[in-house]
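Have a look at the structure below, then the notes.
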Amino acid sequence: MKPFTTLTGIAAPLPRANVDTDQIIPARFLKAITRAGFGRHLFANFRYREDGSENPDFVLNQEPYRRAEILIAFENFGCGSSREHAPWALLDFGIRCVIAPSFADIFHNNCFKNGILPVKLPREVCERLMEDARMGGNARLTVDLERQVVVRPNGEEIPFEVDPLRRHLLLNGLDDIGQTLQHAAAIDAFEAKQRAAQPWLYA
Amino acid sequence: MPERKPRTLFDKIWDAHVVETLPDGTALLYIDLHLTHEVTTPQAFDGLRAAGRRVRRPDATLAVVDHNIATDESRRTGITDPESRLQVETLERNVREFGVPYIPLLDERQGIVHVIGPELGRSLPGMTIVCGDSHTSTHGAMGALAFGIGTSEVEHVLATQTLLQKPARNMRVLVEGNLAFGCTAKDIILAIIGRIGTAGGTGHVIEYAGDAIRALDMAGRMTVCNMSIEAGARAGMIAPDETTFEYIRRTPLGPKGEAFERALAWWRTLPSDPGARFDREVRLAAHEIAPQVTWGTNPEAVLPITGTVPDPEEEPDEAKRAQMRRMLEYMGLTPGQRLTDLKVDVVFIGSCTNSRIEDIRAAAAIVKGRKVAEGVRAMVVPGSGLVKKQAEAEGLDRILREAGFEWREAGCSMCLGMNPDKLRPGQRSASTSNRNFEGRQGPGGRTHLVSPAMAAAAAIAGHFVDVRDYQPREALA
Ligand code: SF4
């Protein structure tokens, strides 16, 4: 997993609450065999019209937001099904940070598993950041996980909280697997013991 | 030395597999057996590849194709659906690259992942077993802790042979006394879900116990544990006993000779200790369980076959009333209709719930010398190639074919509407599978869950019948 330390980039405003994972990626796109390529289908029902052409009204079809790396939305982002395809789609599009007043639990977990930082900030702060984002290409936000601050274009710093263990994993680019592999010696020891006691479990 | 606290079957397996406990109480749990199939693994193998990781224990991993494949002769000439073919080919490439043992489509041992694990002797008592599939709970019938996981967790197990897990709560469901004539394991589990509801087991691992459970053969126990997930439980399990041990002795890959005796000594220590504490206990009287039929679009919407379609207007709770109305509309039912008056279009005997040799024997006993009703499509899909072979050796395929049943190749088939076997919109099925969700067997399809005997009887009658009136007594001998 790519470490997340500091990200400076374009933020796209998505002023909606209850953005569910079916909106993030509709079910009909779950048949693929790779994690890659879901970005094309990110918000497909909003981004494309019925004939398949782009809907110019949707923020991610507009410049400079086609290159957005941060998404700002309102309450309960990522609710609905547990599909991991939702963070896969965001990441594949290029979004590595979502800022919202609250997140659905499973989506929140899934983000950390995929190197995406979900930042919880009060509604009024999100509204201010959304104003910044609307200024377009010159209005880059910085999300500094090391110092746990979001830096507005005017230089104002807004602190945020994040679980220390998860922060550690993200900063170091450790996924759950990377984390578990730090216990490799314990796993080896368990296997040695089990192999002696229950050899029929080993080929 | 102080007495050790009495422990449940779940506690014992859990304790034996904790590699380490993290500061926040999460356990790093060792996984003994990882079953995999074509649908939930491609991204997990991709993840391994991207990180340059290997499969830690190929010998503790087994792959098979079951969900996507056709169950007719077309499988011999190549998979026609391009997306299904790609998923199968991807699995084949992955197992080659990572050295994972694989049972190919045309191998006689191929079958539904939850049928072949126990059948081959890979799923054993005391094991932790996972698979990227919610019906992994089936393997709990062996006296194992078995549960379904997501794709990231599949990758985690492939790479580390462990999972990060928080302990579950213990629940015991006691089914006391003897089952009545014509009633089966399927009726037990449907009655349990009817009683505790689809969220009744949330956060718990259910241990099934009591005389009626002890009396079940392994196939019946797998049917019960299979549907634990439909009660919201993390897993279901049954303590191993002589029935379990005899079953394992006959499996091709189970431990043999001295290894078997050694294993047996450990397996005998597994059953819950007397006085072990369960967080929750539910009791059912087996003799009160009648053959069950679901009428709605979740497995909790179930009634004895003697019942009538319920009236939403009699439901005091507003939200439940609305849900019932929706279910009746989707299912095309009117309150007060007798369940025995419902005509069926399709009869599906198969799925990881009910596709074992015992299930096929039960169906054949009912249909022997009879004919499938006019206009009914009836199919039997064995759970594995080995089940199919055994059934053919016993002449069951002939009985079923002569009655007018299709006799198909092993796979998930019409359980899930992902492969060519699907219901058409509006078709009503008697199905031995486990989920009656809207569209589960195909868009617009109407599923009624029943036992194999009930499904077979419905095929002959053309409508649901009470198998107790229908079954020739000698069939039970
Ligand atoms: S038979 Fe049905 S429930 Fe069982 S594994 Fe296949 S699709 Fe899932």
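Just to be sure, is B:ARG75 within 16 Å of the ligand (Cβ to nearest atom), surrounded by fewer than 24 Cβ atoms within 10 Å (Cβ to Cβ) and over 30 Å from B:HIS204 (Cβ atoms)? So B:ARG75 fits the description; yes. Of the residues making up the range A:12-43, those that are surrounded by 14 or more Cβ atoms within 10 Å (Cβ to Cβ), over 17 Å from the mean Cα position of the chain (by Cα) and assigned to a helix (DSSP H, G or I) number 1. Taken together, the residues in the range B:120-144 that are open to solvent by 10 Å² or more (accessible area, probe 1.4 Å) and away from the ligand (no atom under 14 Å from the Cβ) amount to 1.
On the stretch given as the range A:80-95, residues that are modelled with pLDDT of 95 or more, crowded, with 21+ Cβ neighbours inside 10 Å and not in a helix (DSSP H, G or I) total 1. Scanning the range A:16-33 for residues being within 14 Å of chain B (Cβ to nearest Cβ) and at pLDDT below 80 gives a total of 7. When B:GLU242, B:GLU258, B:GLU246 are checked against the criterion of being within 14 Å of another protein chain (Cβ to nearest Cβ), surrounded by fewer than 22 Cβ atoms within 10 Å (Cβ to Cβ) and of a type outside the set (A, V, I, L, M, F, W, C), B:GLU258 stands alone in meeting it. Here the range B:14-55 is the region considered, the condition is being part of a helix (DSSP H, G or I) and away from chain A (no Cβ under 12 Å), and the residue that is nearest to B:GLY140 (Cα to Cα) is B:TRP14. Selection of the range B:84-118 for residues being among the β-branched types (Val, Ile, Thr) and within 11 Å of chain A (Cβ to nearest Cβ) yields B:VAL88, B:THR90. In the range B:59-66, the condition of being charged (D, E, K, R) and either over 30 Å from B:GLY417 (Cα atoms) or not in a loop (DSSP other than H, G, I, E, B) (or both) is met by at least one residue. Of all the numbered requirements in (1) in contact with a Leu (Cβ under 9 Å, 6 or more places away or on another chain); (2) assigned to a loop (DSSP other than H, G, I, E, B), B:VAL293 misses one, and that requirement is (2).
The condition (being at pLDDT below 95 and within 21 Å of B:ILE357 (Cα to Cα)) is satisfied by just one residue among B:GLY182, B:GLY254, B:GLY200, B:GLY232: B:GLY182. Scanning the range B:287-307 for any residue that is closer than 30 Å to A:ARG195 by Cα and either of a type in the set (A, V, I, L, M, F, W, C) or modelled with pLDDT of 95 or more (or both) turns up nothing. Among the residues of the range B:451-468, just one is in contact with a Lys or Arg (Cβ under 7 Å, 6 or more places away or on another chain) and surrounded by 24 or more Cβ atoms within 10 Å (Cβ to Cβ), namely B:SER451. Screening B:SER123 with (1) closer than 21 Å to A:TYR202 by Cβ; (2) assigned to a helix (DSSP H, G or I) gives one miss only, at (2).
Do we find a residue being more than 8 Å from chain B (Cβ to nearest Cβ), under 24 Å from A:ILE10 (Cα atoms) and out of contact with any Ser or Thr (no Cβ under 8 Å at 6 or more places or on another chain) anywhere in the range A:181-198? For the range A:181-198, residues more than 8 Å from chain B (Cβ to nearest Cβ), under 24 Å from A:ILE10 (Cα atoms) and out of contact with any Ser or Thr (no Cβ under 8 Å at 6 or more places or on another chain): absent. Restricting the range B:440-450 to residues that are farther than 13 Å from B:ALA363 by Cα and more than 15 Å from the ligand (Cβ to nearest atom) leaves a set whose member that is most open to solvent (accessible area, probe 1.4 Å) is B:PRO443.
Those helices (runs of 4 or more DSSP H) of the range A:96-203 in which 2 or more residues are in contact (Cβ under 8 Å) with a residue 12 or more places away in the chain and open to solvent by less than 70 Å² (accessible area, probe 1.4 Å) occupy A:105-113, A:123-134, A:164-171, A:176-181. Being acidic (Asp, Glu) and more than 21 Å from the chain's Cα centre (by Cα) holds for only one residue in A:GLU146, A:GLU161, A:GLU157, A:GLU127, and it is A:GLU157. Checked against (1) of a type outside the set (Val, Ile, Thr); (2) outside any loop (DSSP other than H, G, I, E, B); (3) open to solvent by 20 Å² or more (accessible area, probe 1.4 Å), A:GLY9 passes all but a single condition, namely (3). For beta carbons closer than 6 Å, sequence separation of 6+ or different chains, a first residue in the range B:15-37 that is at pLDDT 95 or above and a second that is among the aromatic types (Phe, Trp, Tyr) and in a strand (DSSP E or B), the qualifying pairs are B:HIS17/B:TYR30; B:VAL19/B:TYR30. Would you check if there is a residue in the range B:417-426 being open to solvent by 20 Å² or more (accessible area, probe 1.4 Å), within 14 Å of chain A (Cβ to nearest Cβ), within 16 Å of the ligand (Cβ to nearest atom) and farther than 13 Å from B:VAL347 by Cβ? Looking for residues that are open to solvent by 20 Å² or more (accessible area, probe 1.4 Å), within 14 Å of chain A (Cβ to nearest Cβ), within 16 Å of the ligand (Cβ to nearest atom) and farther than 13 Å from B:VAL347 by Cβ, one finds at least one in the range B:417-426, hence yes. Against the numbered list (1) touching a Phe, Trp or Tyr at 6+ places or on another chain (Cβ under 8 Å); (2) open to solvent by less than 20 Å² (accessible area, probe 1.4 Å); (3) within 16 Å of the ligand (Cβ to nearest atom), B:PRO299 comes up short only at (1). Would you pick out the residues in the range B:427-439 that are part of a loop (DSSP other than H, G, I, E, B) and open to solvent by 10 Å² or more (accessible area, probe 1.4 Å)? Selection gives B:GLN427, B:ARG435, B:PHE437, B:GLU438, B:GLY439. Scanning the range B:84-97 for residues that are more than 16 Å from the ligand (Cβ to nearest atom) and within 27 Å of the chain's Cα centre (by Cα) gives B:ARG85, B:LEU86, B:GLU89, B:THR90, B:GLU92, B:ASN94, B:VAL95. Of the residues B:SER429, B:SER413, the single one that is away from the ligand (no atom under 13 Å from the Cβ) and touching an Asp or Glu at 6+ places or on another chain (Cβ under 9 Å) is B:SER429. Looking across the range B:34-67, the residues that are open to solvent by 10 Å² or more (accessible area, probe 1.4 Å) and within 14 Å of the ligand (Cβ to nearest atom) come down to B:VAL39, B:THR40, B:HIS67.
For (1) free of Cβ contacts under 8 Å to residues at least 12 places away in the same chain; (2) within 16 Å of the ligand (Cβ to nearest atom); (3) open to solvent by less than 20 Å² (accessible area, probe 1.4 Å), each residue gets a yes or a no:
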{"residue": "B:PRO312", "(1), (2), (3)": "no, no, yes"}
{"residue": "B:THR340", "(1), (2), (3)": "no, no, no"}
{"residue": "B:ILE349", "(1), (2), (3)": "no, yes, yes"}
{"residue": "B:GLY375", "(1), (2), (3)": "no, no, no"}
{"residue": "B:ALA393", "(1), (2), (3)": "yes, no, no"}
{"residue": "B:LEU400", "(1), (2), (3)": "no, no, yes"}
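The values are calculated or read from the model by the stated rules, or taken from the named source; none is laboratory data. Bear in mind that the values here come from a model prediction, so they are computed numbers and not experimental data. Neighbour counts are summed over all protein chains in view; Cβ atoms, including those assigned to glycine, are modelled from backbone coordinates with ideal geometry. To get the accessible areas, we keep the full protein, side chains included, count just its heavy atoms, and leave off ligands, DNA and RNA. Shrake-Rupley method; radii C 1.70, N 1.55, O 1.52, S 1.80 Å.
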